1. Near the amide H of residue 49, under 5 Å away, which other amide H atoms are found, from residues 5 or more places off or on another chain, if H is placed in the peptide plane?
2. Based only on other Cβ atoms within 10 Å, what is the fewest-to-most ordering of 245, 186?
3. Put +1 on the Cβ of every Lys and Arg and -1 on every Asp and Glu Cβ in segment 5-307; which of 298, 201, 57 then has its Cα farthest towards the positive end of the dipole?
4. Enumerate the aspartates and glutamates that residue 134 could reach by cross-link, defined here as Cα to Cα under 14 Å, with residues fewer than 8 away along the same chain left out.
5. Pairs 196/217; 19/163; 120/239; 163/216; 120/217; 30/156: which exceed 31 Å Cα-Cα?
6. Any idea how far apart residue 292 and residue 193 come out in nm if each label point goes 7 Å out from Cα toward Cβ?
7. Take 65, 42, 124 and order them by how many other Cβ atoms sit within 10 Å, fewest up front.
8. Whole-Hz Karplus ³J(HN,Hα) for segment 54-69, in order, using 6.51 cos²θ - 1.76 cosθ + 1.60 and θ = phi - 60°, x for Gly and Pro?
Amino acid sequence: MMIGFYDIVGPFVRLLKQKKARSLAIKGLKWGLVPRPTLFNDPILETTLWGLKFRTPIGLAAGFDKNAEVPGQLLAQGFGSVEIGSIDSKTAEVVATRLIRRKKSYSHPGIIGINILKDKLSNDAIAEYIHCSKAIAQCADYMVINISSPLVPELKAYRQQDKLADLLSQTRSALNENTPPLLLKVAPDLSDEEKKGIAAVITKQKVDGLIVVGPKKTENVGFTSTELVAQMYTLTEGKTPIIAVRGITSGQDAYERIKAGASLVQFYAAMVTKGPAHANRLAIELAELLKRDGYTNVSEAVGADHNK
Ligand SMILES: Cc1cc2nc3c(=O)[nH]c(=O)nc-3n(C[C@H](O)[C@H](O)[C@H](O)COP(=O)(O)O)c2cc1C
C-alpha cells in the first residue's frame, strides 16, 4: 500500500488539541503543503438537490473552515460540499467578502454551504439570524440555521414549534425571493415530542433540508445516528432532504445513513484523524457498496431501508 502524506503527519496532528490541529491543517492547505489526491469521479455518486449538483454526497461538516479560508482547497481534496461556519454577526461580512472573491477567481468548483449560529452574547437570536442571512445570501449555495450547538444553550427554546416557526418564517420573509435553499441543523438530544414538532414545522414552512446530528457513541441515548436519521426521515415522510452527520468514518457508515434516509452525509472528526483526502477514500468505498447492491445512482439508495 502506498504511504500517503497524512500517514506521516497524521500521528503528530492527532497528538495536538482539536483547535491546534485545525489551525495547522488550515495553514497546510493554504500554503499548498497538503498534496491533492487524484479525485475519484463516478456518476454513481452524483446527486442533484435544490437544483445544485453534488459531485459526491460526502461533505465537510461545519466548524472546520469557519471563516472560509480554504474552501477551494477542501473541495480539491475530494469533498462534494464544504459547509463554512458557523458564522455570526461578527464574522458574516468577512466570510461574504472572501466567498465573493473566490467566485470571481474561479477557484475549484463545488457546493458551498454557510452555517449561521447565534452569537452567545447577542440577546436577539432572530435579529442575528436575519442579519447573517442577508449578509451571505448572495454567496451561499445553501444556508443553515443552526440550533444544534451545545455552546449556546438558550437555542434549546427554538425546539418548541411556535418559536421555531417564528424564527424560520421571519428569516425567510426578511430575505428576498432569490435566496439560497434554507436548511435547519438540529441536535441529537431531542425528545420524541420535539422531533415530531420540528418535523411538522419544517414541512409546513417548506424548509429545504434538515441536518441531523447523531449522538456520540459514548452518549447512551437509546438510539444510534442511523436510527435517528431513519426517525426523522419517517417523520418528514421522506419529503425533506436530510444531511446526516456524526461518526462517519467509512463508506459503510455513509451507506447506512443514506439507506436510512440521508441524501448527503458530512464528517468533521475523521478530517482531523485521517486527513482531508479521507473524503476521496470514502467516495471510492461508497461507490463500491452501491455497485455491489445493484444501484446505478446513490439517489436510488436514499431511504432504501424503509421499503424493505
Ligand atoms: C472542534 C469542533 C468544532 C465544531 N464547530 C461547529 C460549528 O461551528 N458549527 C456547527 O454547526 N457544528 C460544529 N461542529 C460539529 C460538527 O459540524 C459535526 O456536527 C460534529 O462534529 C459531528 O460529526 P463528526 O462525528 O464527524 O465529528 C464542530 C465540531 C467540532 C469537533
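Every number in this text was worked out from the coordinates using simple rules, so none of it is lab data. Please read these numbers as outputs of a predicted model, since none were measured by experiment. Cβ sites come from the backbone with ideal geometry, for glycine too, and all protein chains shown count toward neighbours.
1. Those lying under 5 Å, H to H, from residue 49 are 54.
2. 186, 245
3. With unit charges placed on the Cβ atoms, the residue in question is 57.
4. 88, 93, 177
5. On the way: 196/217 23 Å; 19/163 33 Å; 120/239 33 Å; 163/216 27 Å; 120/217 27 Å; 30/156 36 Å.
Where the Cα-Cα span goes over 31 Å, the pairs concerned are 19/163; 120/239; 30/156.
6. Result: 4.3 nm between the two label points.
7. 124, 42, 65
8. 9, 5, 8, x, 8, x, 8, 6, 5, x, 8, 9, 4, 10, 6, 7
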